[in-house]
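Peer 1: Quick one: structure below, then a few questions.
Values in this text are rule-based calculations from the coordinates and carry no lab data. What you see is a predicted model, and the numbers here were worked out from it, not measured in a lab. Counting neighbours? That spans all protein chains shown, and the Cβs are built from the backbone with ideal geometry, glycine included.
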Amino acid sequence: DGGITQSPKYLFRKEGQNVTLSCEQNLNHDAMYWYRQDPGQGLRLIYYSQIVNDFQKGDIAEGYSVSREKKESFPLTVTSAQKNPTAFYLCASSHTGASLNTEAFFGQGTRLTVV
Amino acid sequence: AQKVTQAQTEISVVEKEDVTLDCVYETRDTTYYLFWYKQPPSGELVFLIRRNSFDEQNEISGRYSWNFQKSTSSFNFTITASQVVDSAVYFCALRGRMDSSYKLIFGSGTRLLVRP
């Protein structure tokens, strides 16, 4: 079945460590996105990519990095520079972002906790 | 600037009651799309509906209906005869061409609790 797979579902990070969240899609979508969700808040955009080898910062990119070497994959690294990384992270994809009428499809999320 | 406001943080109803979730948006774009998503406890966002800025017809899908009013910049969502399975967080979202980024902008969500 087509869809978006995020792994792992739960992730624990020690202070000062970098961790990478995986996001893979087989929907043949050009655009991919990473969102962060905190309790009681909406989704905030971290990074997005509309094409392979290109990506743009979202509203809260500080402390995060991404790569887009393959169309299917858009991993997110949470670096030690991110001071408050505990949150729920959602990956999404859609047909090219320039198509306004296309909805985004979401993965099941990764819950990251700093211990 | 683009913005989506969902003023209702949490709503609690008894099963079979009707409930309306409010969504107010701001945009300077003349062409834009509005979306509603459902987030059940599992966490994944489920797409419910999209509506373009030129189509103000209301839409009904089973127990769900949507009321888009451009004059008040609102895109409200009504669940008729609510069920316990409707309990979830509901997000309204907007996509326009602002800065050519085509970003999907979300509201803060409304948590709906349907009690048996």
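Peer 1: What percentages, rounded to whole numbers, describe P(r) for region B:66-116 computed over all alpha carbon pairs with 5 Å bin width beginning at zero?
Peer 2: All Cα pairs considered, the percentages come to 5, 16, 19, 21, 18, 11, 6, 3, 1, 0.
Peer 1: A further question on this structure: Send over the Kirkwood Rh of chain A, from the inverse of the averaged 1/r over different Cα pairs, rounded to one decimal Å. Can you show the working numbers first?
Peer 2: Numbers: mean 1/r = 0.0712 Å⁻¹.
14.0 Å is the Kirkwood radius here.
Peer 1: I would also like to ask the following. So how do B:V84, B:V13, B:V4, B:V89 line up by other beta-carbon neighbours within 10 Å, fewest first?
Peer 2: B:V84, B:V13, B:V89, B:V4
Peer 1: Can I ask one more? Could you give the distance between the Cα centres of region A:1-61 and region B:57-80, to the whole Å?
Peer 2: So the two Cα centres are separated by 30 Å.
Peer 1: When the gyration tensor of region B:14-65 is built from Cα positions, what are the square roots of 5 times its three eigenvalues, in whole Å, from largest to smallest?
Peer 2: Working: eigenvalues 109, 47, 24 Å².
Those come to 23, 15, 11 Å.
Peer 1: Sticking with this one: What FRET efficiency comes out for B:D18 versus B:D55 if R0 is 25 angstrom and r is the Cβ-Cβ distance? Round to the nearest 0.05.
Peer 2: 0.55
Peer 1: Can you give me the Kirkwood hydrodynamic radius for the protein assembly as shown, using every pair of distinct Cα atoms, in Å to one decimal?
Peer 2: For the protein assembly as shown, the Kirkwood estimate is 18.2 Å.
Peer 1: Here's a follow-up. Determine the shielding of peptide B:81-93 by partner chains: average, over its residues, the number of Cβ atoms on other chains within 10 angstrom of each Cβ.
Peer 2: Details: counts 0, 0, 0, 0, 0, 0, 0, 0, 3, 0, 3, 1, 4.
Per-residue shielding by partner chains comes out at 1.
Peer 1: Let me ask something else about it. Would you list B:F35, B:F106 from fewest to most Cβ contacts within 10 Å?
Peer 2: Lowest to highest Cβ neighbour count: B:F106, B:F35.
Peer 1: Using Cβ counts within 10 Å as a stand-in for footprinting exposure, how do A:K70, B:K103 rank, fewest first?
Peer 2: Working: A:K70 11, B:K103 21.
Neighbour counts put them in this order, fewest first: A:K70, B:K103.
Peer 1: What's the percent breakdown of Cα-Cα distances in chain B across 10 Å bins, shortest bin first?
Peer 2: 14, 47, 30, 8, 1
Peer 1: Apply 1/(1 + (r/R0)^6) to the Cβ-Cβ distance of B:R28 and A:T5, taking R0 = 22 Å, and write down the FRET efficiency to the nearest 0.05. Don't skip to the end; give the middle numbers.
Peer 2: Values: r = 37 Å, r/R0 = 1.67.
According to the calculation, E is roughly 0.05.
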